[in-house]
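The values are calculated or read from the model by the stated rules, or taken from the named source; none is laboratory data. Fair warning: this is a prediction, and the values are worked out from it, not measured in the lab. Cβ: placed from backbone, ideal geometry, glycine included. Neighbour counts: every protein chain shown. We work out accessible area using only protein heavy atoms, side chains counted, and drop any ligands, DNA or RNA first. Shrake-Rupley method; radii C 1.70, N 1.55, O 1.52, S 1.80 Å.
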Amino acid sequence: MADLTLSQDHVGITDTFASRRYFAKFEGIMQHMLHVAGVMEAEGALDRDEIDILTRYAAKLTHSFRALSYKYLLVGRETGRFFGSLTMDNRDSGFPVAAEIMTMANDAQQAAKHLENMPTEARLKDEMVQTILGDRKIPTKLQFALSQRMYYAELARGDLFWVQNDPQAAWLGNVSEGRRRFRLHWATYDSEVNLPVIYLMELEDSGRIGLPKDERRWPEVQAHLSAQALGGLKLLTIARGFDQDFDDLHPKRLRRFHLGPMYSHAYTRQAGPLREVLAEANAPAGQDWALVWTEEELVSDRVIEEKSGWFSTVEREVFALDPFGVQGPDLGATRTERSIILPQRPYQVLEEKRPPGFASVRKYVVSPKGRVLRY
């Protein structure tokens, strides 16, 4: 199934059917995530606007995985042209490696040119029928040409998840005259752990011009947040750096959502209890997975004033840290909450084994029909 010559934890899925099952699994997981988001909204864990933001990023991920599935549709088949295979991280994430997303971004810039020089989908399908009926052959080369056309067509549609997804802002109302509230969101595909990460920040703006319309501050804010979107940085470090760099922007709440790792008995080799749970569950294809979802949150506790120059002062946020967290104050967040999404059979084994560390984890059990139960 996998060519282990790439590295110990980055493997190429070189078998046709294994590759297609992998992408089908992810498409199903993304759909389950949308249903789970609906449950979280009903519970009050997220509001409607936050759900819309997260589901938008989930849709972008779905489009990216769909494009990759077209690119590698004929992997393992003799197409007359070497085009490689999907490289995934089978130890840390279960997701495609970040290099796949980077290559796709480069291909997207040239998608229109490729499509201009390719036969139409109708023509390729017509030639495939002629080859099957006239020559009595499997039209593998034509199938490959069609898969590549579908790949570039998907890229040309846009709305994909990239390694860097620039910050966007939404107005939440005014706190007082001359002071506005905004919610910012942005996302990255963390190249260190090969996982998508989504950020949400709520801030107050005391500047003269509203942040998204400010031609000076808004590009600076976007560049600053994109540069700080590193999974290895604590939320406290990101928020304090932002607070220090922008005197008239006041971060009140910062959250980070880690999507993954994805565990699958058929594809990943992560260590730990979930690997044993999936092995023991012996679930059918499409049901042998678990997706971990981690939310970190940092909130402002109070505001202090600091001197700025000779005659003025600026506001600085003092952030609340959880002294009773698993890692204590060094966690750099007010709270951290882990959730896990998994099908019924793996959940039953998880409940039977009750491995240490899972008692406080929120569990969302999904069915093929889309039903979600929360435990």
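A few points about this structure:
- The chain: angle of helix 217-228 to the longest principal axis, Cα-based, in degrees nearest 10: 60 degrees
- The length gained by stretching the chain between LYS125 and ILE209 to full extension, at 0.36 nm per residue less their Cα-Cα distance, is 24.7 nm.
- Nearest-ten-degree value, helix 121-130 long axis tilted from longest Cα axis of the chain: 20 degrees
- On a per residue basis, the stretch 179-292 carries 39 Å² of accessible surface, using protein heavy atoms and a 1.4 Å probe.
- Estimated FRET transfer efficiency when R0 is 51 angstrom, pair ARG302-ARG269 (beta carbons, to 0.05): 0.65
- MET104 accessible area, 1.4 Å probe, all protein chains in place, Å² to nearest 10: 0 Å²
- Helix-only mean residue ellipticity at 222 nm for the chain, each DSSP H run of n ≥ 4 adding -39500 (n - 2.57), per residue, nearest 500: -12000 deg cm²/dmol
- Distance between the modelled labels on ALA99 and ALA24, one decimal in nanometres: 2.9 nm (7 Å Cα→Cβ projection).
- Apportionment of accessible area to carbon and sulfur, the stretch 1-156, percent (1.4 Å): 51 percent
- Rolling a 1.4 Å probe over the protein heavy atoms leaves TRP293 with an accessible area of roughly 20 Å².
- Order of exposure, largest accessible area first, which applies to TYR22, TYR152 with probe 1.4 Å: TYR152, TYR22
- Converting the Cα gyration tensor eigenvalues of the chain into ellipsoid dimensions via √(5λ) gives semi-axes, longest first, of 42, 28, 17 Å.
- Three-way shape call for the stretch 25-139 based on the alpha-carbon gyration tensor, with the a/c threshold at 1.5: prolate
- From phi via Karplus (6.51, -1.76, 1.60), per-residue ³J(HN,Hα) for the stretch 34-45 in Hz, x at Gly/Pro: 5, 5, 5, 4, x, 5, 5, 5, 4, 6, x, 6
- Sites ALA112 and ARG371, calculated FRET efficiency, Cβ-Cβ separation with R0 30 Å, nearest 0.05: 0.10
- Gyration tensor (alpha-carbon) shape descriptor, the stretch 121-210, a/c threshold 1.5: prolate
- Unsatisfied cross-links (Cα-Cα over 30 Å) in the set LYS25/LYS353; LYS60/LYS137; LYS60/LYS363; LYS234/LYS353; LYS213/LYS307: LYS60/LYS137; LYS234/LYS353
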